[in-house]
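What follows is a set of notes on a single structure, which appears directly below.
The values are calculated or read from the model by the stated rules, or taken from the named source; none is laboratory data. A quick note: this is a predicted structure, and the numbers were derived from the prediction, not measured. Glycine gets a Cβ as well: all are built from the backbone with ideal geometry, and neighbour counts include every protein chain shown.
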Amino acid sequence: MTAIIDGAWLEQRLDDPSVKVIEVCSDPDDAIYRASHIPGAVRFFWKDLCWHETDRQFVTSEELAARLGAVGISDKDTLILYGDPVQYGTYGFWALTMAGHPDLKILDGARKKWIAEGRPMNADIPAPTPTDYTAQPGDGSMRVGRENVLAHLGDRGRFLLDLRSPEEYSGERVMEHGKFDHGAERGGRIPGAKHLFFKELINDDDSFKSADEIKAKLDQVGADPARAGEIVCYCRLSHRATLAWTAMTHILGYQGVKIYDGSWTEWGSIVGYPVEK
């Protein structure tokens, strides 16, 4: 079965004890979650779920086992993630794929589509009983670092895809929107990167566009692995890049798509690393 499930699928299984739900949030304040969420959903601030406690590294298989076991999720459970906003769900999906949760799914349209469809929400805060979680083998092969990106600049067998906003890609801004414009010391893009704003891959309700529509958008910028070779995605912190990774990997079936997770926050601040505008 596909890793991308819809609201009807999840609503039918809300009472299934083997189906667990996590809301992955962008804001450390839990006010929105406390006001309403999908019934039974456990909340995680994205860093608390996906990152090492102190290092800028991803959660390991052993760390994930401890975090999920503590909130009543075992390695035998089907785990559904949804984001607030949508790209935080796909970020969690990518990170937990690397950490090895066996049965992992993402809710199409996340919180936005679920609410638009009139599906159940409540304010009850779950009080799960901790359970055993056996750490599973992880797989970091879908991630590349800055040295790898630098070493392969200009390679004909690699395609760099920038999923940021047009203003970020051009170098006008280093952050997508908001009062502040921070997140890197320089504006611009990685040399040779082609642009596709991540929102081009989703509908107004945050659900993924059809496979044909997604492929057409990618083909327009040249992101076809049959012709371009290995595809590496990035954005500012890699949240938006994971949405594209999810679409390519789990909707189009592309193999070997990778993410440069340091993304522009890292690249745009490293002394001596080339920038294109």
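Between Ala211, Ala244, Ala228, the distinction of being small (Gly, Ala, Ser), buried (at least 24 other Cβ atoms within 10 Å of the Cβ) and either assigned by TED's automatic domain parsing to the domain that holds His177 or under 17 Å from the mean Cα position of the chain (by Cα) (or both) belongs to Ala244 only.
Taking the conditions (1) in the same structural domain as Ala8 (by TED's automatic domain parsing); (2) more than 26 Å from Ile202 (Cβ to Cβ); (3) surrounded by 18 or more Cβ atoms within 10 Å (Cβ to Cβ) in turn, Ala70 satisfies each one other than (3). Before we move on, is Ala211 closer than 25 Å to Thr2 by Cβ and free of Cβ contacts under 8 Å to residues at least 60 places away in the same chain? Spelling it out, Ala211 is indeed closer than 25 Å to Thr2 by Cβ and free of Cβ contacts under 8 Å to residues at least 60 places away in the same chain. Being acidic (Asp, Glu) and in contact (Cβ under 8 Å) with a residue 60 or more places away in the chain is true for just one of Asp75, Asp15. Which residue is that? Criteria check complete, one pass: Asp75. Filter the range 219-228 for residues that are at pLDDT 95 or above and either assigned to a loop (DSSP other than H, G, I, E, B) or not acidic (Asp, Glu) (or both) and give the result. Those that are at pLDDT 95 or above and either assigned to a loop (DSSP other than H, G, I, E, B) or not acidic (Asp, Glu) (or both): Gln220, Val221, Gly222, Ala223, Asp224, Pro225. If you check Gly183 against the conditions, is it of a type in the set (Gly, Ala, Ser), assigned to a loop (DSSP other than H, G, I, E, B) and exposed (fewer than 14 other Cβ atoms within 10 Å of the Cβ)? Taking the combined requirement at face value, the residue does not satisfy it.
Condition check: at positive phi and either in contact (Cβ under 8 Å) with a residue 60 or more places away in the chain or in contact with a Pro (Cβ under 7 Å, 6 or more places away or on another chain) (or both). Does Asp206 satisfy that? So Asp206 passes the test. Counted as qualifying within the range 16-78 are the helices (runs of 4 or more DSSP H) with 3 or more residues that are over 28 Å from Ser141 (Cβ atoms) and not aromatic (Phe, Trp, Tyr), namely 31-35.
Screening the candidates Ala116, Ala151 for the property of being surrounded by fewer than 14 Cβ atoms within 10 Å (Cβ to Cβ) and modelled with pLDDT of 95 or more yields one hit, Ala151.
Okay, residues lined up against (1) assigned to a helix (DSSP H, G or I); (2) under 28 Å from Gly7 (Cα atoms); (3) out of contact with any Pro (no Cβ under 6 Å at 6 or more places or on another chain); (4) not hydrophobic (A, V, I, L, M, F, W, C):
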| position | (1), (2), (3), (4) |
| --- | --- |
| Tyr88 | yes, yes, yes, yes |
| Phe93 | yes, yes, yes, no |
| Lys112 | yes, yes, yes, yes |
| Arg119 | no, yes, yes, yes |
| Pro128 | no, yes, yes, yes |
| Asn148 | yes, no, yes, yes |
| Leu161 | no, no, yes, no |
